[in-house]
Each structure stands twice: as structure tokens, then as C-alpha cells.
Amino acid sequence: MSLMVSVSGIRGIVGQSLTPEVVVEFARAYGTLLGGGRVVLGRDSRPSGEMFSCAAAAGLVSAGCEVTQLGIVMTPALGHAIREGRYSGGMNVTASHNPGAWNGLKLLDELGLAPDPQRAARVAEIRAAGSYRQVRAGFRPLRHDDLAGERHAEAVAGLVEVDVAALRGMRVVLDSVNGAGCLDTPAFLASLGCEVIHVNGEPSGEFAHEPEPLAENLMQLCEAVVRHKAAVGFAQDPDADRLALVDERGQFIGEEYTLALATRSVLSRRRGPVAANLSTSRMIDDIAREYGVPVIRTPVGEAHVARAMLASGCVIGGEGNGGVIDPRVSPVRDSLSAMSQVLQLMAATGKRVSELVASIPRYAGLKKKFGCDRTRIDAALKAVAGEAARRGARVDASDGIRIDSADGWVLIRASNTEPIVRVMAEARNDKTCESLVADICSVAGL
């Protein structure tokens, strides 16, 4: 399995494509790009994380950086720490939602957001050329900060804008999948008045189920919501930047609804532009239309969304994979901000999750993925682009190929985080979705 290098960071199989030597090289390259400076370093709970964190620290220090280690920490907490402490940048040792055999690095810049594509490419170039900044004296000792996660949680709680008295005693089931969210999320929810039932709450990195927060991986959470008569179920991924929801009936309602409900929550109190990537549901457009605000569409990847939010003054944004960005906290997807917005909407309206979902126009969606090498992916995209041009279709080629029509939309693109090509579609009904996906897969030769 080859190493995955993209705007989403670096990911690989532990002991195969990702080794301590590789991590040292990328850390030295990033430290070189930063010209030294003060850097924060965190990790998720994977067993290989401590080893790779040591390697990353060595690489950063060798390039002249002053490194503050945060230990096991959520990626959004690291982003908040950069902004709060005015660091030059940061690095989190995590493979996010990838399975346990993987690990990786997420890079954050001085604004607390993922580097833009040009900067990410420059890190890879420095590493490939071996043109590292090398400090030979005056190395600065490692620093430690064990409270960054707590301060992040306090910052999110401090931005609550509604009376949360209705949440007092509300039962919530939280599945942190034995990841970084285990440490500070229960106290955060309790600070809003919730009674928390925590499953998979030990930060062991030995994931109790596949870590991506999809329906097929969250049966335990769905059953726990019903068994404990909870109002809502929350599922985090290992670095806690994404959030999936389960309603009070124990029904998985889909990652797309996380951003949709958060958007409605924010716009009901504060109007302003919204940003979302090309693969995010049209539900966002419907909600934004209700409040008379625009939606800015970007390529997939939180770096693209976050930069569009900063440029356009967006009040909320994110991705349809359960990633919500509240720019007041940090320009990183943040499961705590997502939880806060959903709970505030419940408190303000007095409605259950299923009722809030029912109030949003519903679309059918279909997502498929195919293992592909780069050559095959390129050939598939070229074939789709050629056929779309022949048909005179409305195309957005800023990230893969997205084709829009009155019936719906379909997108084919290479993943930033795995050696796969993703095909996804959305329409008013399942039959149209299936037709859109079948057509594009046929053209692409998948």
C-alpha cells in the first residue's frame, strides 16, 4: 500500500508505507517550511501514536522548532491551541477515520487550518529533495501542555447562545470509538447539563468497531440509545473531528444531517454565508435559502472549506461527512461544535432529533467506492469528462467531475485519504440515484 499524501495530510499502513523514518522526514520538512518556530504536537489514541509522536518531535526539533506536546488530543483542540497560543503551526499524529492498521500526520498552519494545496505540495517537495533546515546547536527542550483539550471544550461551551436549561438531565449516549474524544467530550456534554452514557470510552486506540462513523459501524450505539431511552446518540471518529447522529428511536440518520442541523441552528440566530464542499447534500442549499444566505461550494477537503469560510465571512461551514466548522472556535472540523449546535437547536425548539430531521427536505443519496491506482483513477475521470462534454452536461471539474441536472447530481473523485475512487449521487428518490451512479460507473469503467 503506497503512502497517501494530500491536502488531508499523510497516511499509511503502520510498519509498511508509514514508518518512524518517514514521519521524521515529513516532520523535518514541515519544520523547514515553518523556518523553525513554536509548534504544537498531538496524537490520537492509536497504539503506534506514541512512537510516531516521538519521531515527529525529533524531526521538528532538528529543524529548529520549539515543540509543545499535547499528548492524546482531538484535532480541533490542536487547532484551537494554535490559535489561542499563536503558534507557528501544528501536527497531529492521526489517521482520522481510517482503520486501526493505519496512522498518519495532519498538518495545521499558523491559522490552525490545514495547509493549502501549494503549501502541502511544498512539504512533499522538501522531503523528496532532502533539503531540510538543520540546526546544529541551541536545541530547545520539549514542552508539555496537558490542558489543551479541556480549554477547547470550555471555549465551545462558552459560545452557547441559547438557554440550555431544557438540556438538564437529557440522556445522551456517546460513542468515542476508543479515540481522542474519550478524554474531554463527556465533561463537555455534562457542562451543558446532559447525562452522559459513554460507550467505547477508554482511549486505548483498540477500536471496538470500524472507526468511520457509518451506519454499519454504529449498531452498538443505536441499540444503546434505545436501551437507555436517550434523546440522541453521538458518534465520533478517532481524532474527533467528525460526528454522526442517532435519533431518539435508535435510527442512524446519516452524516449529512450533522452539518444540516448545525447550519439550521446557527442561521436561526445569526445570518451569514455558509460553505460546504461539492459532495455535501443539497439540504444545505435548501436551509440557506430559507434564511436568504448564500452557499459557497468548494473542492472536498476541510482546508478548502475553511479557507472559503475565512475569505467570505461564513458563520458556519463543513462537509457532509459529519464535519462541522465553527470559525469562532477554530477553522477545523469539530465534533464538539457539532454537538453544541445540535443540542442548542433541540433546546431552542423543544423538538426531538427525528422531528428536526423531518423538517428538512429529504433527498436520496448513494455512495460507492472502488479500489484504484492513480493511473486507473485518471483514466476514469478522463472518460467521464469526455462523455459529459459530449452530452453538454453542466460540469464542475474543480475536484473530480461533478455533473448537475434538474434530477440531481453525481460526483466522481479520487479520495484524499485512501487509494480509492469515490462515486456519490443525490436525487429526489433512490431509483434516480441508482441510475446516476450506474451511468457514471459505466462510463468510467468501474
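The values are calculated or read from the model by the stated rules, or taken from the named source; none is laboratory data. Here the structure is a predicted model, which is why all the values come from computation and not from measurement. Counting neighbours? That spans all protein chains shown, and the Cβs are built from the backbone with ideal geometry, glycine included.
Observations on the structure shown:
- If you check Val156, Val177 for being touching a residue at least 24 places away in the same chain (Cβ under 8 Å) and either within 17 Å of Asp247 (Cβ to Cβ) or touching a helix residue (DSSP H, G or I) at 6+ places or on another chain (Cβ under 7 Å) (or both), only one passes: Val156.
- Test: residue in region 129-145 that is in contact with a Lys or Arg (Cβ under 8 Å, 6 or more places away or on another chain), more than 17 Å from Gly64 (Cβ to Cβ) and among the acidic types (Asp, Glu): no
- Looking only at region 243-283, and only at residues there that are of a type in the set (Asp, Glu) and part of a loop (DSSP other than H, G, I, E, B), the one that is nearest to the chain's Cα centre (by Cα): Glu255
- Cβ-Cβ distances below 9 Å connect no pair with a first residue in region 196-208 that is in the same structural domain as Ser45 (by TED's automatic domain parsing) and farther than 10 Å from Phe234 by Cα, a second residue that is in a loop (DSSP other than H, G, I, E, B) and of a type outside the set (Lys, Arg), and a separation of six or more residues or different chains.
- For region 39-54, the set of residues classified as free of Cβ contacts under 8 Å to residues at least 40 places away in the same chain and either crowded, with 21+ Cβ neighbours inside 10 Å or charged (D, E, K, R) (or both) consists of Glu50 only.
- Residues located in region 387-421, provided they are surrounded by fewer than 19 Cβ atoms within 10 Å (Cβ to Cβ), in a strand (DSSP E or B) and in contact (Cβ under 8 Å) with a residue 60 or more places away in the chain: Asp396
- Filter result (surrounded by fewer than 20 Cβ atoms within 10 Å (Cβ to Cβ) and either in contact with a Gly (Cβ under 9 Å, 6 or more places away or on another chain) or outside the structural domain of Val173 (by TED's automatic domain parsing) (or both)) within region 211-249: Ala215, Glu223, Val226, Arg227, Glu248
- The residues of region 103-153 that are among the charged types (D, E, K, R), touching a Leu at 6+ places or on another chain (Cβ under 7 Å) and under 24 Å from Thr185 (Cβ atoms) amount to a single one, Asp145.
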